[in-house]
Each structure stands twice: as C-alpha cells, then as structure tokens.
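Working notes for the structure below.
The values are calculated or read from the model by the stated rules, or taken from the named source; none is laboratory data. The structure displayed is predicted, hence computed values, not measured ones. Please note: Cβ atoms are built from the backbone with ideal geometry, for glycine as well, and neighbour counts cover all protein chains shown.
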Amino acid sequence: MTLTPLLTIGAYVGLYSGSGPYGGLAENPMAVAGLAQAYPLMGLVAVAMWMGAHGPAPRRFSLLAIAAHCVPLSALAMLWGPIMASPIAPAVPLSFLIHGGGIAAELVSLRVGHGRNRTGATG
C-alpha cells in the first residue's frame, strides 16, 4: 500500500525531470494519465485484499489479489513490442518486480496456511 504514493510520485518525477525509472515519461506524458489512475486503483485493491484477508474466507482474497497482479503483467505481455520500443521501457523491470513479488507473496501465503479460513477448511 505504501507503493501507491511512491510510484505515483515517481511517475510525476519522471515526467517533470526526465530521471529515474520513469524518466521516459518526459517523452510520453500521456502515459502518466494511465499510471495516475492505475497506481491508486491497485492501492485500493490492496486495501480491499488486506481487509478481506482478515475475514472468514481469506483464501478467496489471496486468489483475487493474484488475479489483480496478473492484469498488468498480461498487458505487458500483450503490448511487449510497443512498450519495449517506447521511452518507458526502463520501468518494465520494476513492474515485474512489483507484480511478480505480489504474486509470490500471495502464493506463499496460500502455501503456509494463511489462506485458510478460521474453521481450517479452504474456501
């Protein structure tokens, strides 16, 4: 959840200074419109997943969180050519780190049993 403001600020720093992993946004300012929406939206998803993970069926929220992280990764896969040819290509490893890390954390959570409900049954 702390990534949301950091990444949003990072996108604006890249836009206005041309530096950092989002430095390419200075050449493609329209991409900031998408990031300024996507990062807060993923932040809200994170809050919802965290709240749901403490409810009666946390496994469902772990699976939903995995699905939420798969959305941006699938967009990277489908738009790989144009993204890698654009000035924002240096930010791609950061995206893999964030979303791949999120998926890995949720899979670990499911594996070690935090994805079980209070009765011990999965669901």
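A few points about this structure:
Residue-wise test of (1) assigned to a helix (DSSP H, G or I); (2) without any contact (Cβ under 8 Å) to a residue 12 or more places away in the chain; (3) on the phi > 0 side of the Ramachandran plot; (4) not basic (Lys, Arg).
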position: 28; (1), (2), (3), (4): no, no, no, yes
position: 39; (1), (2), (3), (4): yes, no, no, yes
position: 43; (1), (2), (3), (4): yes, no, no, yes
position: 55; (1), (2), (3), (4): no, yes, no, yes
position: 61; (1), (2), (3), (4): yes, no, no, yes
position: 70; (1), (2), (3), (4): yes, no, no, yes
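- Test: residue 47 is outside any loop (DSSP other than H, G, I, E, B) and free of Cβ contacts under 8 Å to residues at least 40 places away in the same chain: no
- For segment 103-123, filtering for residues that are loosely packed, with under 12 Cβ neighbours inside 10 Å and at pLDDT 85 or above leaves 1.
- Filtered residue count, segment 72-98, keeping only those that are outside any helix (DSSP H, G or I) and at pLDDT below 90: 3
- Number of the condition not met by residue 19 [criteria: (1) outside any loop (DSSP other than H, G, I, E, B); (2) among the hydroxyl-bearing types (Ser, Thr, Tyr); (3) free of Cβ contacts under 8 Å to residues at least 40 places away in the same chain]: (1)
- Looking only at segment 26-37, and only at residues there that are buried (at least 17 other Cβ atoms within 10 Å of the Cβ) and closer than 21 Å to residue 2 by Cβ, the one that is nearest to the chain's Cα centre (by Cα): 35
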